[in-house]
Every structure is written in structure tokens, then in C-alpha cells.
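Participant: Let me begin by handing over the structure; questions about it come next.
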Amino acid sequence: MEHVNNDSSEQVEVTVLFFAKSRELSEQRSAEIFIGKQLTGKDLISNIINNFPSLSGIQDSLVIAVNQNYIERDSLINFRGGEEVAVIPPISGG
């Protein structure tokens, strides 16, 4: 697991889990990152993209789940630390 840190006060550590295309682009299954204690879904995605720029090409279509609950981009999320943040890319098929 890669350990990524951002400079800011009031941060907590979460585990980011990557699936399918996001795993391929980030080249890892999971990583520990530090994020603000309170973020919107949009801010959370931006934070993940800042830590993993290789995901920027799919950021507009990413779905995020925190502790297995899907998050809307305008939702306000309160983090305590230890949460699992799943990065789920768009699924294509026919």
C-alpha cells in the first residue's frame, strides 16, 4: 500500500480501494491517504484525483462509496478515520 499525505489541519486517514479501470490506472489495489474530516463527494473525488492523477481521465464518471454506501457529489461526508473509500469506475458492457 502506498502512503500519501496532504498538508492541512483536521485530517483523518482513510483506505482507498480501487476497482476495475481505477485499479488499472492507479496501479494498486488500495492506498492509505489523509483527507479533511468533512468533505463533499465532489471534494473527496478531487482529493483522490490529487493523490492519483492517473485517474483524472475518468474522474467525471467515477462513483464513490464510503463504507459501502454510495455518495452523491453534493453530499456532505463527515469522516472519523478508518473509513473505506471505494473508487468505482464506469462499467461498460453490452
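The values are calculated or read from the model by the stated rules, or taken from the named source; none is laboratory data. Please read these numbers as outputs of a predicted model, since none were measured by experiment. In this analysis, Cβ positions are derived from the backbone assuming ideal geometry, glycine residues included, and neighbour counts consider all displayed protein chains.
Participant: Restricting the search to the stretch 16-48, which residues are over 14 Å from R73 (Cα atoms) and hydrophobic (A, V, I, L, M, F, W, C)?
Facilitator: Scanning the stretch 16-48 gives V16, L17, F18, F19, A20, L25, A31, I33, F34, I35.
Participant: Under the condition of being surrounded by 15 or more Cβ atoms within 10 Å (Cβ to Cβ) and basic (K, R), which residue from the stretch 11-41 is nearest to the chain's Cα centre (by Cα)?
Facilitator: R23
Participant: Which of (1) assigned to a strand (DSSP E or B); (2) in contact (Cβ under 8 Å) with a residue 60 or more places away in the chain is the odd one out, the single condition F34 does not satisfy?
Facilitator: All conditions pass for F34, except number (2).
Participant: Name the one entry in L44, L55, L62 that is without any contact (Cβ under 8 Å) to a residue 60 or more places away in the chain, surrounded by 12 or more Cβ atoms within 10 Å (Cβ to Cβ), in contact with a Pro (Cβ under 8 Å, 6 or more places away or on another chain) and not polar (S, T, N, Q).
Facilitator: Going through L44, L55, L62 in turn, just one is without any contact (Cβ under 8 Å) to a residue 60 or more places away in the chain, surrounded by 12 or more Cβ atoms within 10 Å (Cβ to Cβ), in contact with a Pro (Cβ under 8 Å, 6 or more places away or on another chain) and not polar (S, T, N, Q): L62.
Participant: If we scan the stretch 10-23, do we find a residue that is at pLDDT below 95 and not in a helix (DSSP H, G or I)?
Facilitator: Yes: the stretch 10-23 contains one or more residues that are at pLDDT below 95 and not in a helix (DSSP H, G or I).
Participant: Test L76 against the criterion of being crowded, with 19+ Cβ neighbours inside 10 Å and either touching a helix residue (DSSP H, G or I) at 6+ places or on another chain (Cβ under 8 Å) or not polar (S, T, N, Q) (or both), and give yes or no.
Facilitator: No.
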